[in-house]
Structure formats: C-alpha cells, structure tokens
Amino acid sequence: MGPPGAGKGTQAVRLRQRLGIVHLSAGDMLREAVKQGTPLGLSARGMMERGELIPDDLVAQMVEERLRDPEGARGFLLDGYPRNLAQARRMSEFLEGSGRRLDRVLALRLPEAELLSRLTGRRVCGTCGAGYHVVNKPPRRPGICDVCGNEVVQRADDREEIVRERLRVYTTQTLPLLDFYRESGLLFEVDATGTPEEVSARIAGALEEVPR
Ligand code: AP5
C-alpha cells in the first residue's frame, strides 16, 4: 500500500524477483484492459483518467479471477489492491474461502512534494512500458524509448491536477485502511525516501519482523 507515486510498483517488481511469487498490480491489470478495449477497460478508462477509483465489484472480480489461478499457489503480492474498506473486507472473505490469508501489509510513506515530483515527471514507453523520469532518468534521445525506440509518453493520470485528485482519493478512501490492518497486527510502515535499493533494504527488514 501507499499513496500514488510512493514506489509500490517499483518495489513490487523487486520483491517478486526476490521471493519468486506472483505480482498482481490492480493498476497494470486495468491499464491492460483499457489497451485491449475489453468491456472492463471501456468502463474504467474515463474514471482512471480522472483519478477516480473503479467500482469495487469490477476490481474485486478482476483480482479474484487472478487469485484463483494456480500460478499464485506459492504466494502472491498485491499492489494497489485493496484500496478501501469494502475491498479489504471482501478480499479477506475471499481468501478465507480458499484457506489463504495475508501475511503482511507493507505501507510506503513519502512526503507529498516528492510524490508530486515523481509522478508529474514520470514518462513511460507507450509500447514496451519502460519507465523514465524527466529529471532523474531521461531517455537518451528526447521522447524516444531507449529499449524499443518507440514514443515515450506521459500517463494521462500523471498530469498535476489529476495527481492531486489521486492524492485526495488516497487520503479519503485508502488511508483509513491502514488502521484496519494496524489493528489486525499485519501493518508494517516503510519509509520510501531514498533510492529504490535503500527502500528495498527497509522492506527486507520489515519482512523479517514477525507480525504480532
Ligand atoms: P495505479 O497504477 O496503481 O496507480 P497509483 O496507486 O496511483 O500508483 P502509481 O503506479 O502511480 O505509483 P506507485 O506507488 O506504484 O509508484 P511507482 O513505483 O510507479 O492505479 C491507477 C488507477 O487505477 C487508479 O487511480 C484507479 O483509477 C485505478 N485503480 C487501481 N487500483 C484500484 C483499486 N484497487 N480500486 C479501484 N480503482 C483502482 O513509482 C512512481 C515513479 O517514481 C516512477 O517514475 C518510478 O520510477 C519513480 N520511483 C520509484 N521509486 C523511486 C525512488 N526510490 N527514488 C526515485 N524515484 C522512484
């Protein structure tokens, strides 16, 4: 968990490689549905561009379908799901129904100014998905992906006014979930400042602590 731009996706990929478990990113799945023009993608597109949450039922069905997949038998890492209390309760029931549970909830923390700078400066390759940042990691040729040579673009929801709306939605709808997981003893908060390597080291430390 964590606000938009805290580094959930970046750290989830590193953890997936380290632990060899499935990484389910709700945002990536939704973006793929939009790209493929599926019925889910067609309904989600406008809401995502405005920085709103997609209705719980649609997102829950999408995630549950993937969690039924045998590839998740060794374990799974949820990124960006659940994002409100209703999603969290539904997921607990779903997991209980299949004899599984969450072992840890990691919540990344980062000051708002840094979130804004990471997101408004982010650019992605529209074809292969490689990530860039206008200041920290610009492509070698402006606007052209180093990996596949196609165009590098800004995510529609990374424009400043939409980032501010995503932060507002996080504060009002997702932040209360931290208390929910804190009360169940699963929550580990992680300082997400510094380099990706530094954040990964803090996460590794949190994973070694035993939940109460
Ligand atoms: P989603 O794609 O999940 O967006 P988000 O939560 O807003 O998160 P981001 O992907 O923008 O940021 P992140 O925390 O993953 O950070 P990242 O690693 O990318 O969701 C998009 C939309 O889908 C939502 O707005 C909503 O509409 C819908 N949706 C998704 N889940 C939903 C749900 N459960 N219910 C309903 N609707 C849902 O890093 C950000 C940038 O910072 C990158 O450029 C990265 O390279 C850089 N960076 C990362 N770490 C560092 C570091 N340590 N130092 C410097 N730069 C760094």
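Taking N as the residue count of the chain, its C-alpha radius of gyration divided by 2.2 N^0.38 Å amounts to 1.01.
Surface exposure of the range 125-212, expressed per residue as accessible area with a 1.4 Å probe, stands at 59 Å². Accessible surface for the range 3-76, divided over its residues, is 53 Å² per residue with a 1.4 Å probe. Charge dipole (Cα centre; +1 on Lys/Arg Cβ, -1 on Asp/Glu Cβ; no other charges) of the chain amounts to roughly 380 debye. For the range 1-133, carbon and sulfur atoms together expose 50% of the accessible surface, with a 1.4 angstrom probe and every protein chain in place.
The values are calculated or read from the model by the stated rules, or taken from the named source; none is laboratory data. As the structure is a computational prediction, the values presented were derived from the model and not from experiment. Using ideal geometry, Cβ is built from the backbone for each residue, glycine included, and neighbour counts are taken over all protein chains shown. Just so you know, the surface numbers come from the protein's heavy atoms only, side chains and all, with ligands and any DNA or RNA stripped out. Shrake-Rupley method; radii C 1.70, N 1.55, O 1.52, S 1.80 Å.
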